[in-house]
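Taking it in order: structure first as structure tokens, then the write-up.
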Amino acid sequence: MLSRPSDDSWAAWFSDLRYGARLRDIDLTSADLISVRTPRLAWFTRCLFVGADLRQSTLDGVVFLRCDFSRADLRGASLRGTRFFGCDLTRADLRGADLRGAVFGTSGPAGSATPTILTGARTDPRDWAAVSDESDVWPDRS
């Protein structure tokens, strides 16, 4: 069951997170997360960021496992060393995001792996030059 923080002060909620925090099944749908800072090595598993506003946020070194970022706004976000495994970034806006060392990959054992989805994601091709070569999922460049 997905849960939501009890108050609407998302920035305050994020500021209480600690290095290496483990979060599961959190519903952040349409949340105003502009300029939030997430501690390094935080893990988000099966969390919803659908339509969330993450512009100018710092999500460096965070791991997202099977999270949904459909239609999320990540313009100008810092995603340095961030790992997305089995996440849905359909129609997410990643223009101007710092993707240095970011990894977009699959999750799960061979045969049942869940790929990261980048269908319709808005990106700047120059930003993808900095994505880690560990990535096994790339945006459609056609």
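The values are calculated or read from the model by the stated rules, or taken from the named source; none is laboratory data. These figures come from a predicted structure and were not determined experimentally. Neighbour counts run over all protein chains shown; Cβ positions are idealised from the backbone, glycine included.
Just so you know, in the range 103-114 the residues that are out of contact with any Asp or Glu (no Cβ under 8 Å at 6 or more places or on another chain) and under 17 Å from F64 (Cβ atoms) include one that is modelled with the highest pLDDT, and it is T114. Annotation for the range 36-54: at least one member residue is over 19 Å from I117 (Cα atoms), of a type in the set (S, T, Y) and modelled with pLDDT under 95. One residue alone among G51, G101, G120 is under 20 Å from R24 (Cα atoms) and free of Cβ contacts under 8 Å to residues at least 60 places away in the same chain, and that residue is G51. If you go through the range 124-141 and keep only what is of a type outside the set (S, T, Y), modelled with pLDDT of 70 or more and surrounded by 10 or more Cβ atoms within 10 Å (Cβ to Cβ), you end up with D124, D127, W128, A130, V131, E134.
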